[in-house]
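Okay, structure first, notes after.
The values are calculated or read from the model by the stated rules, or taken from the named source; none is laboratory data. All values derive from a computational prediction rather than experimental measurement. So basically every Cβ, Gly included, is an ideal-geometry build from the backbone, and we count neighbours across all protein chains shown. When the accessible area is computed, the model is the full protein with side chains, heavy atoms only, and any ligands, DNA or RNA have been set aside. Shrake-Rupley method; radii C 1.70, N 1.55, O 1.52, S 1.80 Å.
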Amino acid sequence: MADVVVVGGGFAGISAAVRLAKMRHRVVLLEADDRLGGQLRPYEAGGWSFDHGWSELTLPATVRDLFKKSGRPLERVLDLEPLAVARRHVFDRDLVLDLPSGSRGAQTDAIDAVLGRGTGERWTRWLDGFDDAWEVLRHVALGRPLAGRDDFDREQWRTLRTRLSLERAARRGLRDPHLRALVLDRHRLDGQQPRSMPAFLGVYDLVERSFGRWRIAGGSTALLAALERRLEERRVEIRLGVRAHDVTGTDVVDGVLTDDGRVGADVVVWAAPTGPGGRSETDALPRVPSAVTYLGLGPYAPRLAQQTVVHGTPVRVTPSATHTGDGQAWTVEHLAAEDPVLTLRRVGIDVGDHVVHREDVSPVDVARRHGARHGWQWSGWRTAFTLPGVGPERRGLLRVGVNAHPGPSTELVALGTAAAAETLRP
């Protein structure tokens, strides 16, 4: 049994802490803020509650595993609701695709019905082509700590087609521009450049088709409440308002330096967005988030049942799962090319007369408001091996979280903390 200090009280830090405490390690969790949660806490303004996209999942098994490996199963504490439609895609006022989730045949039929006969089959063949890449990534890069390029054998590396970009692969495999938009616009809105992303990242759409999309009942606040109860059940010592600056120790990490002094540890799990000592951990560039417009809408506004993406001038609307008052709270991500309310009106989603609350936040201000919590920009396949958490760590230090391998989403963070916790299994 080890003394473990976890730095950071967001989803990554909490999930690491409860896993390790269940393994009978003594765990102290340090959080600089006066509350736990990080991005699980919604942005609240004027009586509106806007979540940050952590309320929907594509790989629910990752969160189920977290709860199973830390105590009572997920189904005992939270409800996951399967979404029949993964995402609504709007190409024009009269061209709307409700893309089903979790069904190969349903996706094929839905695309054929909207984009024309044969397009569904082309989409299906495109996704089927990522089956082998997903198996390689799942077993080598996601299910255990990633040491580097040598973890892949020659055949696995060939399967990943690392030198082909996602944009070029989409142009070759998807001649229909609407199908290409399904693949590429999501990444543009995430602050990525598809021409710099390796082709194997097409697995995102394959995983959604295979496992569906799920919503946490009550949103990310319900997930946070369940995790806080789990911290209490596992008797994790929580210290709020304690800012960690760096780790201590020369060859072997033996503690954390904080505003209140040194906290000793056999192992430090660093889950804060910024690395120990504020040192640069990678040569990769920070991902620049999209501009965000928060809209609080009155009770008679058009209702969106699920995330909606408008293509052309990409806009992504996520109705908040955490808002419990009247009306709807929408988080609208866009590239700031024009007023997103006008973009929505152009395709028949007219909310102009229903806006009760509006707040526009530039990409720079989004980054300032939420800190360095957006991950890294892809610049070819080599980026994967420069990320924090990849390669040999200092003894006694594990790096997890939104800015570490394997990535910033709920599912990827959960996979990262699971792999890290397994290295400390007694």
Report whether or not Val268 is open to solvent by less than 20 Å² (accessible area, probe 1.4 Å), more than 20 Å from the chain's Cα centre (by Cα) and modelled with pLDDT of 95 or more.
-> yes
If you take the residues of region 365-384 that are modelled with pLDDT under 95, within 17 Å of Leu189 (Cβ to Cβ) and of a type in the set (A, V, I, L, M, F, W, C), which of them is most open to solvent (accessible area, probe 1.4 Å)?
-> Trp376
Please indicate, with yes or no, whether at least one residue in region 213-227 is over 22 Å from the mean Cα position of the chain (by Cα) and of a type in the set (Val, Ile, Thr).
-> no
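Residues being surrounded by fewer than 18 Cβ atoms within 10 Å (Cβ to Cβ) and in a loop (DSSP other than H, G, I, E, B): count how many of those fall in region 283-322.
Our first condition is that a residue be surrounded by fewer than 18 Cβ atoms within 10 Å (Cβ to Cβ); within region 283-322, this holds for 283, 285-286, 288, 298-300, 302-305, 312-313.
Checking which are in a loop (DSSP other than H, G, I, E, B) leaves us with 283, 285, 288, 298-300, 302-305, 312-313.
Total meeting the criteria: 12.
Name the one entry in Glu155, Glu75 that is more than 25 Å from the chain's Cα centre (by Cα), in a helix (DSSP H, G or I) and of a type in the set (Asp, Glu).
Testing whether each residue is more than 25 Å from the chain's Cα centre (by Cα), in a helix (DSSP H, G or I) and of a type in the set (Asp, Glu) leaves just Glu155.
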Please go through region 328-356 and pick out each residue that is open to solvent by 40 Å² or more (accessible area, probe 1.4 Å) and either modelled with pLDDT of 95 or more or more than 28 Å from the chain's Cα centre (by Cα) (or both).
-> Glu333, Asp339, Leu342, Arg345, Arg346, Gly348, Asp350, Asp353, His354, Val355, Val356
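Conditions (1) open to solvent by 20 Å² or more (accessible area, probe 1.4 Å); (2) out of contact with any His (no Cβ under 9 Å at 6 or more places or on another chain), marked per residue:
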| site | (1), (2) |
| --- | --- |
| Arg215 | yes, yes |
| Ser220 | no, no |
| Ala226 | no, yes |
| Arg229 | yes, yes |
| Glu232 | yes, yes |
| Arg243 | yes, yes |
| Asp246 | yes, yes |
When Thr62 is run through (1) open to solvent by 20 Å² or more (accessible area, probe 1.4 Å); (2) more than 24 Å from Gly348 (Cβ to Cβ); (3) outside any loop (DSSP other than H, G, I, E, B); (4) not aliphatic (A, V, I, L, M), the failure sits at (1)
In region 13-42, the residues that are of a type outside the set (Val, Ile, Thr), touching a Ser or Thr at 6+ places or on another chain (Cβ under 6 Å) and part of a helix (DSSP H, G or I) | Ser15, Ala16, Arg19, Lys22, Leu40
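Looking only at region 163-183, which residues are more than 16 Å from Gln307 (Cα to Cα) and open to solvent by less than 20 Å² (accessible area, probe 1.4 Å)?
Applying the first criterion (more than 16 Å from Gln307 (Cα to Cα)) to region 163-183 yields 163-180.
Across region 163-183, the qualifying residues are Leu166, Ala169, Ala170, Leu174, Leu179.
Checking the conditions here, which among Gly396, Gly407, Gly391, Gly416 is buried (at least 17 other Cβ atoms within 10 Å of the Cβ) and either without any contact (Cβ under 8 Å) to a residue 24 or more places away in the chain or farther than 20 Å from Asp65 by Cα (or both)? First the steps, then the outcome.
Working: Gly407 fails: either without any contact (Cβ under 8 Å) to a residue 24 or more places away in the chain or farther than 20 Å from Asp65 by Cα (or both); Gly391 fails: buried (at least 17 other Cβ atoms within 10 Å of the Cβ); Gly416 fails: either without any contact (Cβ under 8 Å) to a residue 24 or more places away in the chain or farther than 20 Å from Asp65 by Cα (or both).
One residue alone meets the criteria, Gly396.
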